[in-house]
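Each remark here refers to the structure printed beneath this line.
No value in this document is a laboratory result; all are computed from the given coordinates. Computed from a predicted structure; not experimentally measured. Neighbour counts are summed over all protein chains in view; Cβ atoms, including those assigned to glycine, are modelled from backbone coordinates with ideal geometry.
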Amino acid sequence: MGTDKQGAHSYADAYERHLSHLRGEPITLLEIGIGGYRDPRSGGASLRMWKEYFPFARIIGLDIHDKSALAEDRITILRGSQGDPAYLGRMALEHGPFDVVIDDGSHHCKHVITSFQVLFPHLTENGIYAIEDLQTSYWETYGGSSGPDRRGTSMTMLQSLVDGINHAEFDIPFYEPTYTDKWVRSATFYHNLAFIEKGLNIEPSHLLPPHPRATRRFAKPPAAKARPVRVRAPRSLRGVFRSVVPLSIRRIAVDLARRFRRPR
């Protein structure tokens, strides 16, 4: 179909691994980003590929540019911004719930995060949310970062979902699990590609009671205060002499010194 999901990228095997079980099902698949940029008749290769791969599926393509000319049987074309949460919410209510969502849109971190936050709740249980081209999470012009401070990037958001899978083990007083804590079942990563599987995630900890908890259970005991070290002032030469030379010898030395000091 001319899609760049294999060739420019190496996504085909991963998609086969995660989506093949849905091939014969009447699913609804949403792909953000149709391709072809501003040309109204360019793009749509991935949508046609999904139509071929899922013979009973309803395929929906969303793009910020007008791509209505690419609509065909079982392919619906929508126009809107993936960075507009109000639009995404209305669109999801009208066309969802979705069994598969694929984000191949602007790749700007803030758009990736907004789309996930709005659309993941509109994914069916056992649904799959895929995000492509995550290299932009490390590029500043896309709102990313390769430095130690990666707050607000796509990968940081995804890493927080991985932590949330283990939220039952959070030793945080009065912690309330989030929606994604309770509904992200698994996260799988490939080079520049991630798959988030939706499913109920309520397995309890085998050591901690359920959230919320009033206290921490595994906090380190406070460290004992170190005793202050007394620093002695350096002793004078006389003090060193007194501490080393016995008193009897010191008396002889003093007596000799006095004799030599007497006038002759």
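Can you tell me how much longer the chain between residue 124 and residue 189 gets when fully stretched, taken as 0.36 nm per residue apart minus their C-alpha distance, in nm with one decimal? Can you show the working numbers first?
Details: separation 65, 0.36 × 65 = 23.40 nm, distance 2.08 nm.
Length difference between fully extended and current span is 21.3 nm.
A simple count of charges around residue 167, restricted to other residues whose Cβ falls under 13 Å of its Cβ and scoring Lys, Arg +1 and Asp, Glu -1, yields -3.
If the only charges are +1 at each Lys and Arg Cβ and -1 at each Asp and Glu Cβ, what is the size of the charge dipole of segment 12-198 around the Cα centre, to the nearest 20 debye?
Values: 17 positive and 26 negative charges, 83 e Å.
Magnitude of the dipole: close to 400 debye.
Of all beta bridges that DSSP places with both ends in segment 1-106, some 10 percent have antiparallel geometry.
Here's the list of aspartates and glutamates a cross-link from residue 198 could span, going by alpha-carbon distance under 13 Å and ignoring same-chain residues fewer than 8 apart: 99, 125, 181. Three semi-axes describe the equivalent ellipsoid of segment 76-208; taken as square roots of 5 times the Cα gyration tensor eigenvalues and ordered largest first, they are 25, 20, 13 Å. Under 14 Å from the Cβ of residue 198, count the other residues' Cβ atoms, weight Lys and Arg +1, Asp and Glu -1, and hand me the total. Surrounding charge for residue 198 is -2. Within the listed set 229, 112, 101, the residue fluctuating most in the Gaussian network model of the chain (springs between alpha-carbon atoms under 10 angstrom) is 229.
A straight Cα-to-Cα reach below 27 Å connects residue 67 with the lysines 5, 51, 110, residues fewer than 8 places away in its own chain not being considered.
Quick check: residue separation of residue 110 and residue 135 times 0.36 nm, minus the Cα distance between them. What number comes out in nm? Spell out each step's value before the answer.
Working: separation 25, 0.36 × 25 = 9.00 nm, distance 1.41 nm.
Stretched fully, the residue 110-residue 135 segment lengthens by 7.6 nm.
Counting pairs of alpha carbon atoms under 8 Å apart in space and at least six apart in sequence, what relative contact order in percent does the chain give? Write down the numbers at each step before the final one.
Values: 411 pairs, mean separation 32.4, N = 264.
Answer for the chain is 12 percent.
Between 121, 97, 221, the residue with the greatest mean-square fluctuation in the GNM of the chain (Cα pairs under 10 Å linked by springs) is 221. Just how many % of Cα pairs in the chain lie over 26 Å apart, if you round to the nearest whole percent? Across the chain, Cα pairs with separations above 26 Å total 55 percent.
Calculate how many DSSP beta bridges within the chain are antiparallel, expressed in % of all such bridges and rounded to the nearest 5. Bridges in the chain that DSSP calls antiparallel: roughly 40 percent. The Kirkwood hydrodynamic radius of segment 1-140, based on inverse pair distances between different Cα atoms, is 15.1 Å. For the listed peptides 47-59, 79-91, a ranking on the average number of other beta carbons within 10 Å per residue, highest first, reads 47-59, 79-91. Each Lys or Arg adds one and each Asp or Glu takes one away; over the other residues whose Cβ falls under 12 Å from the Cβ of residue 66, this sums to +2.
The spacing between segment 47-117 and segment 122-181, judged by their C-alpha centroids, is 21 Å.
Which order do peptides 190-203, 161-174 fall in by mean Cβ count within 10 Å, highest first?
Values: 190-203: 16.6, 161-174: 14.9.
Descending mean neighbour count gives 190-203, 161-174.
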